[in-house]
Number of protein chains: 2
Amino acid sequence: MEKFKKNERVVALIKILSDNPNEVITLNRFSELLNAAKSTISEDISAARKIIECLSLGEIETIPGALGGVKYKPVLTVDQSIEFLKTLCTKLQDPNRVIPGNFIYMSDILGDADEVATIGRIFASCFKEKNADYIVTIETKGITPAIMTARAMNIPLVIARTDNRVTEGSTISVNYVSGSKKIQTMSVSKRSIKEGSKVIIIDDFMKAGSTIKGLNDLMQEFKAEVVGTGVIMSTAEPDHKVIQDYVSLLILNGVDEVTRAIDIVPGIK
Amino acid sequence: MEKFKKNERVVALIKILSDNPNEVITLNRFSELLNAAKSTISEDISAARKIIECLSLGEIETIPGALGGVKYKPVLTVDQSIEFLKTLCTKLQDPNRVIPGNFIYMSDILGDADEVATIGRIFASCFKEKNADYIVTIETKGITPAIMTARAMNIPLVIARTDNRVTEGSTISVNYVSGSKKIQTMSVSKRSIKEGSKVIIIDDFMKAGSTIKGLNDLMQEFKAEVVGTGVIMSTAEPDHKVIQDYVSLLILNGVDEVTRAIDIVPGIK
C-alpha cells in the first residue's frame, strides 16, 4: 500500500473523525487505514487538534488505554451558538411568518438541513456531559432537529408516535393533553429503549409543556431517566410550565397578529 | 492573524468543506479565513482532493470563474453503497424483526443517525445529476433519511403532513389511498415549494406505491416536476407498482411469519 504524506494523513484523519462524530476511533484503525506507525498517527492527531481548536471547529478528545483512541465532538462555543441564534431570530422575525392564531411559520427552518445540523450541534454542546443513551422526540416537527442531535452525540433517536402503527410491534402508550387541549395518545415501540437508560428529549416548540410532560411520563414507563430537555423555541407565556428543567434556544415573547411584529430572542446566554 | 502551516490549512479546508456538503465555497473566503494567498489555497485544495479521492471519501469539485470556488460532494461509489446495503440486509434479516402482519421492524435503523446519514449519501449519489430544488417526503418514517439526503445535496426538505396543522399556514392537499386501503389526505404548506421546481421524493418503504403516487399528485398541484424517487425498501410483490421510475436501496422478496425468515437483498447493482 502506498505511503501518504503527513498532510494527506491529517486530512484523512480529520475527515474520518468528522464523519463519525463522538465515535471513538482507535489508533490501530487509523494506523491500518493510513499505513503509518501509531506514533506517527499520534503526531498527526496533535496537528489536527491544534487547527480544529484554533479555528473553533469543535473538540478532539483523546481516550487513553488499551481500548482508547480519539474522538471528535462537533460542539459549538457559547459565543458561536448565540451568534447563530441571533441570525435565526432575524429570519424568524419576518412579518410574513405570522400565521392566524399567533403562530409562526418555521417549517422551512426545520427542513433546512444545515440549520438543523447546527441546532443539533448546539443541543449536543448543551448536553455533552449528560452521558445520555437516547434522544427521544415526538412526531413530526421535532424529528429533524432530534436526528441531528442524535448524530452529533452518536446515540440513537427514538420517535414517539401519535398513532399506533402496526410496523412498530408491541408499544407502550400514555395519554397526554396536547396543545389544542385534546387528550391524545403517544406510544413508543417496547423494544426501542432499554430499561434504566438515560434520555434527552428534543422538540421544536413548547408552550405550557404538556407534550413534553407526556414524553416524561412515557419514559417513566420504560424506567428511563430524563437527563435533559431541549426545545428550539418556547413561549414566554405561560410563565409557569409543567416542565421545570429545560433548555430553550429561543424565547418567543409575543406575536402581534395585527402589526405582524414578532418578538423573539436567543434563550441561552 | 497567525499564519498556518500547510497541513493545518488543508485540515481546516477539508473540515469546512465536509461540514458544508454541496455548498460552493469561494477561494476568497478560504483565503480570508486561513490568512493565505489564493494561489496557496489552490495548492491546498489539490492536496485535499488527492487524499479524499484516493481514500474514496467523496468528490471535490472546482467551479471556475468569478463566482467560482470549490465544493465537496459526500458521494459513495457503487461498491461502497452495495457493501453498506449488504451489511444492512444482514441486520434486517434478524428473525426478531418479524412483526405480525409480515412487517419488519426497522425503526431502530431509521433512528440510527449514522445509518441514515449513509443512506442519505447513497440517495445523493444516485440523484447527483438531477439538479433538484427540494427533497419531499411524507411523515413520519421517511423524515430521517430525507433530511440526511437533503443535507448531502444541500437542498431544503419539505414534509407532507397527513393531518392539517394550523402551524403550516395555507396548504394544498390531495387525497390518496394509503397502504391500509383507507382514503387519507396529505398536505403541504403552500409557501414551501416554488412553482416550476424540480423535486426528489424520498420515503422509507414502498409496496404498491400509492403513497408515493399521492406525493406525485401533490407535486403536480405545485407545478413541480418529480425528477427522482428513492425508497429505502420496496417489496418484490406486487410486481406492478403504480410508480414506474424509482430507486429502491433494498428489495424485500418475502417475510415468513412462521419460520421468521426474511428474504431481502440490495436493490442497486
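Just so it is clear, none of the values below were taken in a lab; they were calculated from the coordinates. Since this is a predicted model, take the numbers as computed values, not measurements. As a convention, Cβ positions derive from the backbone with ideal geometry for all residues, glycine included, and neighbour counts pool all protein chains shown.
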Rounded to the nearest 500, what is chain A's calculated 222 nm mean residue ellipticity when only DSSP H runs of at least 4 contribute -39500 (n - 2.57) each, over all residues? -11000 deg cm²/dmol
Using alpha carbons only, how many degrees (0 to 90, rounded to 10) separate the axis of helix A:6-19 from the longest principal axis of chain A? 30
Within 10 Å of each Cβ of B:136-146, how many other protein chain Cβ atoms are there on average? 4
To the nearest 10 degrees, how steeply does helix A:78-92 sit against the main Cα axis of chain A, on a 0 to 90 scale? 40
For the stretch A:117-238, the charge dipole (Cβ of Lys, Arg +1; Cβ of Asp, Glu -1; about the Cα centre) points to a positive end, and the Cα of A:143, A:238, A:209 closest to that extreme belongs to A:143
Listed by chain and number, the residues whose amide H is under 5 Å from that of residue B:142, excluding neighbours fewer than 5 places away on the same chain and using placed H, are B:204
Quick one: label points 7 angstrom along Cα→Cβ at residue B:23, distances to the other copies in nm, smallest first? 2.3
How large is the dipole of the stretch A:78-266 about the Cα centre if only Lys and Arg carry +1 and Asp and Glu carry -1, each at its Cβ, rounded to the nearest 20 debye? 540
Provide the three semi-axes, in whole Å and in decreasing order, of the ellipsoid equivalent to the stretch B:6-73 as defined by the square roots of 5 times the Cα gyration tensor eigenvalues. 17, 14, 10
Rounded to 5, percent antiparallel among DSSP beta bridges of chain A: 50
The protein assembly as shown - charge dipole about Cα centre, Lys and Arg +1 at Cβ, Asp and Glu -1, debye rounded to 20: 400
Please work out the Cα convex hull volume for the stretch B:84-229 and give it in Å³ per residue. 117
Mind checking B:52-65 for the average number of partner chain beta-carbons within 10 Å of each residue's beta-carbon? 2
Rg(Cα) of the stretch A:14-133 divided by 2.2 N^0.38 Å? 1.39
Largest-first ellipsoid semi-axes for chain B, taking √(5λ) over the Cα gyration tensor eigenvalues, angstrom: 38, 24, 14
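Taking the Cα centre of the stretch A:103-142 as origin, work out the dipole magnitude from +1 charges on Lys and Arg Cβ and -1 charges on Asp and Glu Cβ, in debye rounded to 20. Mind showing how you got there, number by number?
Working: 4 positive and 7 negative charges, 39 e Å.
Using Cβ point charges on Lys, Arg, Asp and Glu, the stretch A:103-142 gives about 180 debye.
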Per the charge dipole of the stretch A:78-266 (beta-carbon charges, Lys/Arg positive, Asp/Glu negative, Cα centre), the residue among A:219, A:127, A:265 reaching farthest to the positive end is A:219
Note on the stretch A:125-269, DSSP bridge orientation, antiparallel percent to nearest 5 equals 40
Rounded to the nearest whole Å³, what is the per residue volume of the convex hull around the Cα atoms of the protein assembly as shown? 166
Counting only DSSP beta bridges fully inside the protein assembly as shown, the antiparallel percentage to nearest 5 is 50
Take the residue pairs A:71/B:50; A:128/B:3; A:6/B:38; B:73/B:182; A:190/B:128 and return only those whose Cα atoms are more than 30 Å apart. A:128/B:3; B:73/B:182; A:190/B:128
What is the gain in length, in nm to one decimal, between residue B:257 and residue B:96 on full extension, counting 0.36 nm per residue of separation less the C-alpha to C-alpha distance? 56.9 nm
Taking the Cα centre of each part, how many Å lie between the stretch A:146-211 and the stretch A:122-144? 11
Which lysines, on any chain, are close to residue B:181 with Cα under 21 Å apart, when same-chain ones fewer than 8 places away are left out? B:141, B:207, B:213, B:241
Helix B:143-153 versus the longest principal axis of chain B: what is the Cα-based angle in degrees, 0 to 90, to the nearest 10? 30
